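Chemist: Can you read through this structure? Questions will come right after.
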Amino acid sequence: MADPMRIRATLTGDTVEVKVLMAHPMETGLRKDADGKLVPARYIETVKVNCNGKDVLTADWGPAVSKNPFLAFRFKGAAKGDKVTVTWTDSEGESRTDEAAIG
Amino acid sequence: MNLSRRAFLQATASGTALLLVAATGLAPRRAAAAVNPLAPSDHRPQFEATNLDDVVKQLGGGKAQPSADIDLKAPEIAENGAVVPVEIQSKLPGTRLIAIVSEKNPHALSAAFHIPDGTEPYVSTRVKIAETSNLYALVQTDQGFFYANRLVKVTLGGCGG
């Protein structure tokens, strides 16, 4: 169901800046649809970012992260061409993994 | 005629009884769930917390101290509460967790980021804020929990449709 993430990882000096845009509705369970029925909660619960076999960021999210979540962070210890792998898992157990090479 | 009237009365009587059971027994539970519904599969206690102190407690801390070494960037006025950009940079040594806490949201904790060695104590993301309230950047170091906060005014709520 889920569309691929857009991941950009750029090396500046010795620091890699990672920017991720995920495609996910992030339903809180509080929103009503056009018929006035509650839309069931469904949101990303965990995000893991891995590079060269090491987790460089893990995140626990609740329903309050915006729809189509954006995430940016920086880490050290990787070189150009290394792969950054991002995995999210939502409250329905669905998950998606995408990767990008550091440029 | 009489029989069908009796049947009708019986049917409505049992129907009323059912309604009463629903009103007394089930409705409060459902109402409570409607105020604070996490996804049924979600069993993370830190996301059930409704204020900063509770979030810190659920994350295993005591009381968070204010700190000037946490840089929290968020708009003063958020025109759309559904998409509020938040940027947090911690200058505290040994930062291992950065969390975004918004006290007037149904769940105070919005997101928590675990920062391993080699990753900068910096995150940037976008969150929903239900109404004008204090936004907290909560940071955990080896020394305990620290926070910075700022008031974000919301002109359009983040949770409605």
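Bear in mind these aren't lab numbers, they're just calculated from the coordinates by the rules spelled out. Everything quoted here is computed from the prediction, not taken from an experiment. When we count neighbours, we look across all protein chains shown, and the Cβ atoms used for this are built from the backbone with ideal geometry, even at glycine.
Chemist: Beyond a 27 Å Cα-Cα separation, which of these cross-linked pairs lie in this structure: A:37/A:67; A:48/B:153; A:67/B:91; A:76/B:63? Write down the numbers at each step before the final one.
Modeler: Details: A:37/A:67 19 Å; A:48/B:153 31 Å; A:67/B:91 29 Å; A:76/B:63 31 Å.
Where the Cα-Cα span goes over 27 Å, the pairs concerned are A:48/B:153; A:67/B:91; A:76/B:63.
Chemist: Convex hull over the alpha-carbon atoms of chain A: what's its volume per residue in Å³? Write down the numbers at each step before the final one.
Modeler: Working: hull volume 9.3 nm³, N = 103.
Looking at chain A, the number lands at 90 Å³ per residue.
Chemist: Quickly work out the residue A:37-to-residue B:79 label distance, labels modelled 7 Å from Cα along the C-beta direction, and quote it in nm with one decimal.
Modeler: Here the answer is 3.5 nm between the modelled labels.
Chemist: Let me ask something additional. 5 Å is the cut-off here: which amide hydrogens, built 1.01 Å from N in the peptide plane, fall below it relative to residue A:65, excluding neighbours closer than 5 in sequence?
Modeler: B:128
Chemist: For chain A, set up a GNM with springs between Cα atoms under 10 Å and report which of A:15, A:46, A:89 has the largest fluctuation.
Modeler: A:15
Chemist: Whose amide H sits under 5 Å from the amide H of residue B:105, counting only residues 5 or more places off or on another chain, with H placed in the peptide plane?
Modeler: Under 5 Å from the amide H of residue B:105 lie the amide H atoms of B:130, each far enough along the sequence or on another chain.
Chemist: Let me ask something else about it. Going by amide H atoms built from the backbone, whose H comes under 5 Å of the H on residue A:42, apart from near neighbours?
Modeler: Distant-sequence amide H within range of residue A:42: A:27, A:28, A:29.
Chemist: Take the alpha carbon atoms of region A:1-79, find their center, do the same for region B:80-132, and report the distance between the two centers in whole angstrom.
Modeler: Region A:1-79 and region B:80-132 have Cα centres separated by 13 Å.
Chemist: Oh, and also: Of the candidates A:87, A:12, A:58, which one comes out as most mobile in a Gaussian network treatment of chain A with C-alpha springs shorter than 10 Å?
Modeler: Comparing A:87, A:12, A:58 in a Gaussian network model of chain A, the most mobile one is A:12.
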